[in-house]
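For reference, the structure is listed below as structure tokens.
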Amino acid sequence: MISFIRSLGLMGIEAHKIRIEADLSPGLPRTTIVGLPDKAVSESKERIFSAIKNSGFEYPIKRVTINLSPGDIKKEGALYDLPIALAVLSAAEEIEGAADANFYIVGELSLDGLVRRANGILAMAMEVSKTGGAFIVPLDNAQEAALAKNVRVYPVRTLYEAVKVLKGENEPLENKPNDLINITNSCTYDFSDIKGQQSAKRAMEIAAAGNHNILTIGPPGSGKTMLARRLPSILPPLSFEEALEVTKIYSLKGLLKEPGIITERPFRSPHHSISYAGLIGGGAVPGPGEISLAHRGVLFLDELTEFGRNTLEMLRQPMEDDEVLISRAKQSITYPASFMLAAAMNPCPCGFLGDSRNKCDCSPYAVNKYVSKISGPILDRIDIQIEVSRLQVAEFTDLKDEESSRSIRERVIRCREFQKQRMKNRP
């Protein structure tokens, strides 16, 4: 008997539909998976055999052929375990009507039949929402899947519960209306923590208002990193659509710390030893890099001159296009990369050029060589460049309260609204 189950796969941050077919035929007991599976998918037959047996069902003692369609797209990961197991049970007539129901199913199986979480669920749920339907997901992914509109989400803990859903014995999760989801901008860091540095704070405010890239130059201990870490706290809160974009990327990378939507603008601060693939994205299976993880947020490059020159040059096109195209021999994937770059560097190799406390021993040649590590095209894309000097003792001991991020953010929001009104008649 032949049966099929609907599932989904990922290509970048976009999902596509997969049809999983199972055929049982007489012959020596053997399970074969075809349709361009990777190693993880090929190994799923071992997990499925144990999961079916330990869930109280009988694995068919026949020749089992599993086909993942379309056959020209690479199938990757263990998220096909659950739909393959259900396709086998449906072919063995353990489930009736599974192929007729508009169900899409993903999930990894453990040997005892438990369903483990999968990455990229939000992108898949949004694909299901285009045509409407039901989505069977691991319990840990339920809140994430419920963010999509026009989708009936069925969370399951085990393979046995998934079978009950297909038999019509379980109720779907009640989706939370999107207009009730509260997008906040509650950051751990606040500008009120920083004494003095009024000109640097003003530069950060201007950068936030116009979404400009910014470079701070100053000696060690002058507060460059403190200023950059508080930059997300003065950016406007994410819109619901922007929050979905960010959540899709983090879901794909498996970086969602809590179920549900990301409500804060990202802040990414990679180490200067990062490779170009880690920064831009790539790998054998092209995945998003730090610039995509900083989408709609801030990418902070501390000690800018210590980054590899070739690595920094990779930022040229993404900073202009707000996206990055990763091309490989067999596929090309585009990831969003609309980030605000904040960078910090010392003025010279020793770091004390122009410092009021320490003397700089660097020669003019050494200073020029140090600064020239940053190419002209990269500097041309950084709109605001400001010197940050070391604070005096009197500024540290001043007891007056500093302006909070909340009041600065209110001005930034007003400025952006003014820009929208001024530019509303332009494309």
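Remarks
- Contacts under 7 angstrom Cβ, first residue in the range 83-99 being closer than 16 Å to LEU109 by Cβ, partner modelled with pLDDT of 90 or more and assigned to a loop (DSSP other than H, G, I, E, B), 6 or more apart: PRO83/VAL106; VAL88/PRO60; LEU89/PHE57; GLU94/PHE57
- Matching residues, the range 368-381, being within 19 Å of GLY351 (Cα to Cα), assigned to a helix (DSSP H, G or I) and of a type in the set (Val, Ile, Thr): VAL371
- Within the range 237-264, the set of residues being assigned to a loop (DSSP other than H, G, I, E, B) and open to solvent by 20 Å² or more (accessible area, probe 1.4 Å) comprises PRO237, SER239, GLY254, LEU255, LEU256, LYS257, GLU258, PRO259, ILE261, ILE262, THR263, GLU264.
- Among residues of the range 376-406 being β-branched (Val, Ile, Thr) and open to solvent by less than 70 Å² (accessible area, probe 1.4 Å), the one that is nearest to PHE191 (Cα to Cα) is VAL388.
- Contact annotation: residue pairs with Cβ atoms under 7 Å, 6 or more positions apart or on different chains, pairing a residue in the range 29-51 that is at negative phi and small (Gly, Ala, Ser) with a partner that is open to solvent by 30 Å² or more (accessible area, probe 1.4 Å) and modelled with pLDDT under 90, are ALA40/GLU76.
- Across the range 407-427, the qualifying residues are those that are within 14 Å of LYS201 (Cβ to Cβ) and of a type outside the set (Val, Ile, Thr), and the one among them that is nearest to the chain's Cα centre (by Cα) is ARG409.
- As a summary of the residue check, ILE121 satisfies the conditions (1) closer than 25 Å to PHE57 by Cβ; (2) open to solvent by less than 10 Å² (accessible area, probe 1.4 Å) except for the one numbered (1).
- Counting only residues that are under 23 Å from LEU255 (Cα atoms), open to solvent by 10 Å² or more (accessible area, probe 1.4 Å) and not aliphatic (A, V, I, L, M), the range 132-177 holds 8 of them.
- A residue that is modelled with pLDDT under 90, touching a strand residue (DSSP E or B) at 6+ places or on another chain (Cβ under 7 Å) and surrounded by fewer than 20 Cβ atoms within 10 Å (Cβ to Cβ) occurs nowhere in the range 51-67.
- Filtered residues of the range 407-427 (kept if in contact (Cβ under 8 Å) with a residue 60 or more places away in the chain and open to solvent by 90 Å² or more (accessible area, probe 1.4 Å)): none
- Any chance ASP322 is under 24 Å from the mean Cα position of the chain (by Cα) and on the phi > 0 side of the Ramachandran plot: yes
- Pairing residues of the range 284-303 that are surrounded by 21 or more Cβ atoms within 10 Å (Cβ to Cβ) with residues that are assigned to a loop (DSSP other than H, G, I, E, B) and among the polar types (S, T, N, Q), at Cβ distances under 6 Å and at least 6 apart in sequence or on separate chains, gives HIS295/SER338; PHE300/SER269.
Let's see how each residue does on (1) farther than 21 Å from LYS224 by Cα; (2) aromatic (Phe, Trp, Tyr):
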site	(1), (2)
GLU245	yes, no
ILE262	yes, no
ARG268	no, no
PRO288	yes, no
PHE307	no, yes
THR311	yes, no
MET319	yes, no
PHE352	no, yes
SER356	no, no
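- Going through (1) in contact with a Pro (Cβ under 9 Å, 6 or more places away or on another chain); (2) of a type in the set (A, V, I, L, M, F, W, C); (3) part of a loop (DSSP other than H, G, I, E, B) one by one, ALA284 falls short only on (1).
- Test for ALA329: is it open to solvent by 30 Å² or more (accessible area, probe 1.4 Å) and either under 21 Å from ALA123 (Cβ atoms) or in a helix (DSSP H, G or I) (or both): no
- In the range 353-375, the residues that are open to solvent by less than 50 Å² (accessible area, probe 1.4 Å) and within 25 Å of ARG202 (Cα to Cα): ASP355, ILE374
- Test for LEU8: is it over 18 Å from VAL106 (Cα atoms) and of a type in the set (A, V, I, L, M): no
- Some residue of the range 301-318 being assigned to a loop (DSSP other than H, G, I, E, B), under 30 Å from LEU36 (Cβ atoms) and either touching a strand residue (DSSP E or B) at 6+ places or on another chain (Cβ under 6 Å) or modelled with pLDDT of 95 or more (or both): no
- Among residues of the range 304-326 being open to solvent by 80 Å² or more (accessible area, probe 1.4 Å) and among the aliphatic types (A, V, I, L, M), the one that is farthest from MET11 (Cα to Cα) is MET314.
- Residues located in the range 213-224, provided they are out of contact with any Phe, Trp or Tyr (no Cβ under 8 Å at 6 or more places or on another chain) and surrounded by 15 or more Cβ atoms within 10 Å (Cβ to Cβ): ASN213, ILE214, LEU215, THR216, ILE217, GLY218, SER222, GLY223, LYS224
- Residue match in the range 355-367 (condition: in a helix (DSSP H, G or I) and closer than 30 Å to ARG296 by Cα): no
The values are calculated or read from the model by the stated rules, or taken from the named source; none is laboratory data. Treat the numbers as computed from the prediction; the structure is a model and nothing was measured. We place every Cβ from the backbone using ideal geometry, glycine too, and count neighbours over all the protein chains shown. Just the protein is used for accessible areas: all its heavy atoms, side chains included, with ligands, DNA and RNA removed. Shrake-Rupley method; radii C 1.70, N 1.55, O 1.52, S 1.80 Å.
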